[in-house]
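These notes are about the structure you will find just below.
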């Protein structure tokens with residue numbers, strides 16, 4: 001096992017950042033038995049209770065949890081994430097929740113306009129996740145301390161991706177983590193949402209007001225991203241161009257294969273689940 005493959009990849013999945021697409025890419029890079037989804041976890045503390053055999057074969061952990069899961073893994077870890085323009089993210093989040101009947105905030109989103117919804121539940125979520133326990137909403141935390149903690153944590157990530165530069169982000173991760181080509185089709189896209197330019201100014205003002213820390217963290221993340229890409233050398237951009245051409249051809253094939261899989265799954269009840277039932 002080489003150095004890249006010996007590490008446990010921890011994907012801190014921030015909602016509405018194209019993380020579902022990245023999660024699909026990531027799970028194709030490793031054996032199913034080594035991929036653990038902990039989407040109901042806050043900090044990944046469940047990792048501390050895994051049997052030694054499960055820890056030994058663990059290759060990747062995916063979750064919406066806060067930063068810090070590495071403390072429960074007795075192996076070297078490598079963090080990755082995607083961050084998105086905070087204004088675009090909260091708009092996407094609002095309209096996604098309105099369309100998702102099972103979401104805990106669905107009824108509220110249906111009753112509230114965007115400005116009211118932001119005041120109700122959307123407050124620097126990206127910074128909070130990257131800040132770990134320091135960012136938990138019900139704890140009293142100094143905003144400046146939370147932002148600095150988030151920046152400090154983010155600076156140690158193996159790869160920081162940017163949603164608006166997704167292809168470049170996944171090629172960076174491929175190189176850093178020793179992946180195969182990360183072909184993909186976009187997943188979990190919010191349908192029928194207005195563009196930012198079509199929204200009332202008061203909604204945009206509210207989005208900025210409630211996400212000042214995220215706006216600063218996003219600026220910092222873009223600088224980290226640019227530095228990580230520059231460190232890859234001149235051949236990076238050539239590989240990126242090749243990947244874009246190949247991925248454009250991959251999309252139509254993947255849609256056909258996915259459709260066939262869905263039809264087959266309907267005919268086979270009780271399909272096998274992933275690692276430890278997740």
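The values are calculated or read from the model by the stated rules, or taken from the named source; none is laboratory data. Being a predicted model, the structure only gives us computed values, none of them experimental. Neighbour counts are summed over all protein chains in view; Cβ atoms, including those assigned to glycine, are modelled from backbone coordinates with ideal geometry.
At a glance:
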{"quantity": "Hits in the stretch 118-141 (condition: modelled with pLDDT of 90 or more, under 16 Å from residue 216 (Cα atoms) and out of contact with any strand residue (DSSP E or B) (no Cβ under 9 Å at 6 or more places or on another chain))", "calculated": "124, 125, 127, 128, 131, 135"}
{"quantity": "Flag if residue 203 is crowded, with 19+ Cβ neighbours inside 10 Å and more than 21 Å from the chain's Cα centre (by Cα)", "calculated": "yes"}
{"quantity": "Hits in the stretch 96-134 (condition: under 29 Å from residue 172 (Cβ atoms), in contact (Cβ under 8 Å) with a residue 24 or more places away in the chain and part of a helix (DSSP H, G or I))", "calculated": "96, 125, 126, 127, 128, 129, 130, 131, 132, 133"}
{"quantity": "The stretch 4-32 residues that are more than 22 Å from residue 188 (Cα to Cα), paired with ones that are part of a loop (DSSP other than H, G, I, E, B) (beta carbon under 6 Å, 6 or more apart)", "calculated": "4/178; 7/76; 8/58; 8/73; 8/75"}
{"quantity": "Among the candidates 224, 172, 204, residue that is part of a helix (DSSP H, G or I), within 27 Å of residue 147 (Cβ to Cβ), touching a helix residue (DSSP H, G or I) at 6+ places or on another chain (Cβ under 7 Å) and at pLDDT below 95", "calculated": "204"}
{"quantity": "Of all residues making up the stretch 70-93, the number that are touching a residue at least 40 places away in the same chain (Cβ under 8 Å), more than 22 Å from residue 165 (Cβ to Cβ) and in a helix (DSSP H, G or I)", "calculated": "1"}
{"quantity": "Counted residues, the stretch 141-166 - those being crowded, with 18+ Cβ neighbours inside 10 Å and either part of a strand (DSSP E or B) or without any contact (Cβ under 8 Å) to a residue 12 or more places away in the chain (or both)", "calculated": "4"}
{"quantity": "Any hit, the stretch 168-179, residues being surrounded by fewer than 20 Cβ atoms within 10 Å (Cβ to Cβ) and at positive phi", "calculated": "yes"}
{"quantity": "Residues (buried (at least 18 other Cβ atoms within 10 Å of the Cβ) and not in a loop (DSSP other than H, G, I, E, B)) located in the stretch 35-69", "calculated": "35, 36, 37, 46, 47, 60, 61, 62, 63, 69"}
{"quantity": "Selection status of residue 260, exposed (fewer than 11 other Cβ atoms within 10 Å of the Cβ), modelled with pLDDT under 60 and farther than 22 Å from residue 163 by Cβ", "calculated": "yes"}
